[in-house]
Amino acid sequence: MSVLRARDRHLVGRFSYGVTPELARDVRRAGGAHAWFERQLAPGRVTDHGADRLRSWWPSLDRGPTDLWRRQIKEIEGGWEVMADYQRWVLLRRMQSRRQLHEVMTELWENHFNVPVNGDAQFTWRVDFGDTIRDHALGRFDRLLQAVVTHPALLISLDNVSSTKAFPNENLGRELLELHTVGRGAYDEHDVKASARILTGWTVDMWNTFKAEYDEERHDRDRVKVMGFKAANTKADGRQVARDYLRYLAHHPATARHVARKLAVKFVRDDPSPQLVNRLAHVYLRHQTDLRPVLRALVGTREFQRAAGAKVRDPGEDLVASYRALGVRVSRPPAGKHGEAYAANQLLWQVSGMGITPFAWPRPDGQPIDNRSWASPARLIASMGVHRSLAGGWWPSDGAHYRKPAAWLPRRNVRFDALVDSMSQRILHRRSTPRLLKACCEATGCKPHERITDDHPLVQWGMHQLLSVFLDSPTHLTR
């Protein structure tokens with residue numbers, strides 16, 4: 001087995017949920033890491049039938065908001081059940097999709113425009129919200145902003161559905177400025193109030209059909225000014241004013257720096273240099289908020305190239321990477337209670353125990369992407385517990401197909417140090433080191449020159465100890 005060069009592994013690893021032998025093969029077929037990266041920027045060019053078929057496992061993901069609401073009030077299916085299925089689906093997509101960069105960017109923006117899955121109203125639109133972000137995740141930020149800020153899920157989550165000209169609700173208008181675009185320090189309270197007034201009118205037929213609406217009676221007509229944006233705002237239909245306002249925000253230099261820093265923190269390090277942020281912001285503005293040139297510029301910097309291993313995997317990234325590293329295959333769960341024990345459903349229990357389930361962060365600021373938030377001793381111990389259960393193939397046991405212990409042997413009779421090197425290449429996608437070999441020896445009691453065969457005690461009942469060393473290593477816990 002050959003592994004990618006260190007620089008290529010860094011690029012592919014940072015924009016995927018873990019380098020596997022199959023992914024490395026795709027990289028080589030593409031002509032190298034940068035060619036693979038360029039191809040990933042156009043996800044429509046990458047066939048992904050296997051991941052696409054996962055959607056059919058949970059039919060309610062394709063139901064409309066009215067249907068979902070009626071099923072809830074008739075006690076056919078609760079909204080929380082649909083949301084749990086959505087969380088399972090995104091985890092499995094990340095494991096199986098060949099459009100790895102697209103999955104990574106979709107997750108990033110779903111957290112940036114956070115609509116928690118735990119909500120008795122926004123669940124009706126939450127899957128569509130994720131689909132909308134998925135459509136724009138690698139396009140222009142101004143179009144992404146337009147699509148999500150007026151989306152029913154965000155309107156519900158941030159209370160714009162109760163905002164009227166008589167009583168404007170400031171939640172969406174404030175978070176739009178603070179979290180989604182220009183950031184703190186670029187606006188004042190007068191701007192927040194005007195921002196909220198611009199967005200009045202965008203609403204949803206709550207607790208009935210949940211259809212998206214624009215209510216002209218709610219729209220606050222009067223001159224508005226937010227930072228450098230001004231509009232007479234005299235029409236009952238204020239949608240064009242809102243669109244112009246969102247475009248202004250998307251193209252604002254402060255938004256460029258805000259978005260650039262978000263990308264740098266996610267893909268480079270927690271403390272990116274001001275020079276890197278300014279450079280990316282310049283590319284963002286020069287290309288009309290197109291995110292792809294920004295990502296190209298980012299991976300071309302020395303700061304990115306020197307940041308290998310600088311980011312801690314969060315619970316979701318860890319779980320997905322662990323399944324991928326072990327080559328665990330997950331099968332479709334049967335409907336009803338019989339399917340509850342299946343791996344596709346148990347995923348949520350596993351990732352919850354490690355810290356958080358996808359899109360369950362309750363605050364509007366979205367799940368943290370910094371190292372400190374996910375580097376506590378408690379988090380590490382929780383991850384080690386999940387790693388061990390996966391390494392042993394103990395939990396989940398239904399609907400999960402693990403490699404047999406003997407399948408890890410590169411040949412029927414192999415020295416322990418050669419076995420460690422072979423497993424390191426497959427699981428960590430790099431050659432073994434003396435330090436790793438020492439850890440493996442201490443964990444298993446094996447000697448480096450010891451011969452390992454099918455009937456060796458290590459293979460018979462101790463392989464989980466060896467596998468756990470790889471999954472618990474700093475190399476696996478970072479990206």
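The values are calculated or read from the model by the stated rules, or taken from the named source; none is laboratory data. These figures come from a predicted structure and were not determined experimentally. When we count neighbours, we look across all protein chains shown, and the Cβ atoms used for this are built from the backbone with ideal geometry, even at glycine. Ligands, DNA and RNA are stripped out before the accessible areas are found, and what is left, the full protein with its side chains, is counted by its heavy atoms. Shrake-Rupley method; radii C 1.70, N 1.55, O 1.52, S 1.80 Å.
To the nearest 10, the accessible area of ARG261 is 110 Å² with a 1.4 Å probe. Per residue, the solvent-accessible area of the stretch 364-468 (1.4 Å probe, heavy atoms of protein chains only, all protein chains present) comes to 52 Å².
Note on the chain: antiparallel DSSP beta bridges, both residues inside, total approximately 90 percent of the bridges counted.
What ranking do 251-259, 366-374 get when scored by the average of other Cβ atoms within 10 Å per residue, highest first?
With the highest mean Cβ count within 10 Å placed first, the list reads 251-259, 366-374.
Note that the stretch 294-300 has calculated 3J(HN,Hα) couplings of 5, 5, 4, 5, 4, 6, x Hz, one per residue in order, obtained from phi through the Karplus relation 6.51 cos²θ - 1.76 cosθ + 1.60 (θ = phi - 60°); glycine and proline are x. Relative to the Cα centre, the charge distribution of the chain, modelled as +1 at Lys and Arg Cβ and -1 at Asp and Glu Cβ, gives a dipole magnitude of about 2100 debye. Under the simplified labelling scheme, the ARG415-LYS447 pair shows an inter-label distance of 1.2 nm, with each label point 7 Å from Cα along Cα→Cβ. On full extension, the segment bounded by ASN278 and THR47 gains 79.6 nm, given 0.36 nm per residue less the C-alpha separation. Counting pairs of alpha carbon atoms under 8 Å apart in space and at least six apart in sequence, what relative contact order in percent does the chain give? 16 percent.
Across the stretch 34-150, the mean sequence separation of Cα contacts (distance under 8 Å, 6 or more residues apart), normalised by length, yields a relative contact order of 29 percent.
Within the assembled protein chains, the solvent-accessible surface assigned to LYS404 is about 150 Å², based on a 1.4 Å probe. Bridging of LYS193 to lysines at a Cα separation below 17 Å is possible for LYS165, LYS225, LYS230, once same-chain residues fewer than 8 apart are set aside. Projecting label points 7 angstrom from Cα along Cα→Cβ for GLU303 and ALA335 puts them 5.2 nm apart.
Using a probe radius of 1.4 angstrom, the carbon and sulfur fraction of the accessible surface of the stretch 395-449 is 50%. Using a ≥ b ≥ c from the Cα gyration tensor of the chain (square roots of the eigenvalues), is it rounded, prolate or oblate, where a/c under 1.5 gives rounded and otherwise the larger of a/b and b/c decides, a/b for prolate? Since a/c reaches 1.5 and a/b is larger than b/c, the shape of the chain is classed as prolate.
Entry note, the stretch 153-267: relative contact order of 25 percent, from Cα contacts under 8 Å with a spacing of 6+ residues.
Packing-based ranking of 323-332, 337-346 yields 323-332, 337-346, ordered from highest to lowest mean Cβ neighbour count within 10 Å. Straight Cα distances below 16 angstrom link LYS447 to the aspartates and glutamates ASP417, ASP421, with same-chain residues fewer than 8 positions distant left out. Of the solvent-accessible surface of the stretch 234-361, computed with a 1.4 Å probe over protein heavy atoms with every protein chain present, carbon and sulfur atoms account for 49 percent.
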